[in-house]
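Peer 1: Before I ask anything, here is the structure I am working with.
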Amino acid sequence: VQISMDGLGALLPVIPGLDVEQRSRLAELRPRGRVRELQFGIERTASAARVTWFAAHFFGLGIEQSGPFPFIAGLDGEVAGNQTAGLLVLDSHYAGIKDSRLFRGLLPIDLVQGELRWQMNGEQLEIGSDELIVNNQDLSLRGRFAAAIPLSGAAAALNLQLDIEHANVGRVSHYLPAGIMPARGVAWLDRSLKSGVITDGSVILSGRLDQLPFDHGEGVLEVSLPVTDAVLDYSEGWSPITGLGAQVDFTGRVMDVRSHRGSIRSA
């Protein structure tokens, strides 16, 4: 049996155990994709019926950006759980994610693998993973995270540890969270980062996302980027630095570049 998620809106009124608010949230997400091997249990009482558990495989799963949730496309995997907790196992190729509050375009994902656990805690959705692998032509990442997402639409809190195994410096500007960065800083990074390779970098982020970059100590933002063979066009009218080897660190709003190799023209 195969179910198209595109028609889920028509089924929402007859799915047991959902209140009006839950049906509205699901409708706003406009889920799409295909579901196979769907299994579920229903418990009926004198007053109502509810889904007690479910399990399914999904292909090409996606949602629209709505409330705290970003736009997602192309997820493959399996899911099992109930209305309050569960496990999501991802094994996806050619997926994508977009959040207009942070990024300027769709972020392509050639591979995403890992297990995510979720749990409803009051009016808050808690999601976490002990290991999540994300790769595309520009970068290779391995991370662990725990996120608390208020269903009211308030800012999410995130505890993230990310290992950057490989990244293309010339493509960094496509992944900048430009929506929460100063426009001048974004413009400088867009123009200045021409090429280079990042290996064995790391990102540590802990705090509420609406408080980035944590100017008053509300959280932690630390980024470590060992860069090799980079080209940095740091100022208009000046010759760029080529063959640059450097350690680039971000701590909150501060960027620190410690260079150990590079050339400007013949110097």
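Peer 1: Residue under question is F103, and the condition is that it be among the aromatic types (F, W, Y) and out of contact with any Ser or Thr (no Cβ under 8 Å at 6 or more places or on another chain); does it hold?
Peer 2: Working: among the aromatic types (F, W, Y): yes; out of contact with any Ser or Thr (no Cβ under 8 Å at 6 or more places or on another chain): yes.
Spelling it out, F103 is indeed among the aromatic types (F, W, Y) and out of contact with any Ser or Thr (no Cβ under 8 Å at 6 or more places or on another chain).
Peer 1: Are any residues in region 214-252 charged (D, E, K, R) and either touching a Cys at 6+ places or on another chain (Cβ under 7 Å) or more than 18 Å from G201 (Cα to Cα) (or both), and if so, which ones?
Peer 2: Taking region 214-252 and keeping what is charged (D, E, K, R), we get 215, 218, 222, 229, 233, 236, 249.
D215, E218, D233, E236, listed by residue number.
Peer 1: Residues of region 36-69 being open to solvent by less than 30 Å² (accessible area, probe 1.4 Å) and of a type outside the set (V, I, T), which ones?
Peer 2: Hits for region 36-69 are G41, A49, A55, A56, F58, G62, S66, P68.
Peer 1: Limited to region 74-101, what total is found for residues that are open to solvent by less than 50 Å² (accessible area, probe 1.4 Å) and without any contact (Cβ under 8 Å) to a residue 24 or more places away in the chain? Break it down stepwise before answering.
Peer 2: Step one: filter region 74-101 for residues open to solvent by less than 50 Å² (accessible area, probe 1.4 Å), giving 74-77, 79-81, 85-90, 92, 95-96, 99.
Those still in the list that are without any contact (Cβ under 8 Å) to a residue 24 or more places away in the chain too: 76-77, 92, 95.
Of the residues in region 74-101, 4 are open to solvent by less than 50 Å² (accessible area, probe 1.4 Å) and without any contact (Cβ under 8 Å) to a residue 24 or more places away in the chain.
Peer 1: Of everything in region 107-150, what is farther than 18 Å from Y175 by Cα, open to solvent by 30 Å² or more (accessible area, probe 1.4 Å) and either part of a loop (DSSP other than H, G, I, E, B) or small (G, A, S) (or both)? Give them in sequence order.
Peer 2: Once the filter is applied, which keeps residues that are farther than 18 Å from Y175 by Cα, open to solvent by 30 Å² or more (accessible area, probe 1.4 Å) and either part of a loop (DSSP other than H, G, I, E, B) or small (G, A, S) (or both), region 107-150 yields G122, E123, A146.
Peer 1: Could we say that G153 is in contact (Cβ under 8 Å) with a residue 60 or more places away in the chain and surrounded by fewer than 15 Cβ atoms within 10 Å (Cβ to Cβ) here? Show your work before the answer.
Peer 2: On the way: in contact (Cβ under 8 Å) with a residue 60 or more places away in the chain: yes; surrounded by fewer than 15 Cβ atoms within 10 Å (Cβ to Cβ): yes.
Yes; evaluated as a whole, the condition is true for this residue.
Peer 1: Count, please, the residues in region 26-59 that happen to be in a strand (DSSP E or B), small (G, A, S) and over 29 Å from the mean Cα position of the chain (by Cα).
Peer 2: At the first step, the residues of region 26-59 found to be in a strand (DSSP E or B) are 32-44, 49-59.
Within this subset, residues satisfying the condition of being small (G, A, S) are 33, 41, 49, 55-56.
From what is left, the residues that are over 29 Å from the mean Cα position of the chain (by Cα) are 41, 49.
The number of residues fulfilling the criteria is 2.
The values are calculated or read from the model by the stated rules, or taken from the named source; none is laboratory data. Note that the structure is a prediction, hence the values are computed from the model and not measured. Backbone-built Cβ (ideal geometry, glycine too); neighbour counts: all protein chains shown. Accessible surface is based on the protein model in full, side chains and every heavy atom, while ligands, DNA and RNA are left aside. Shrake-Rupley method; radii C 1.70, N 1.55, O 1.52, S 1.80 Å.
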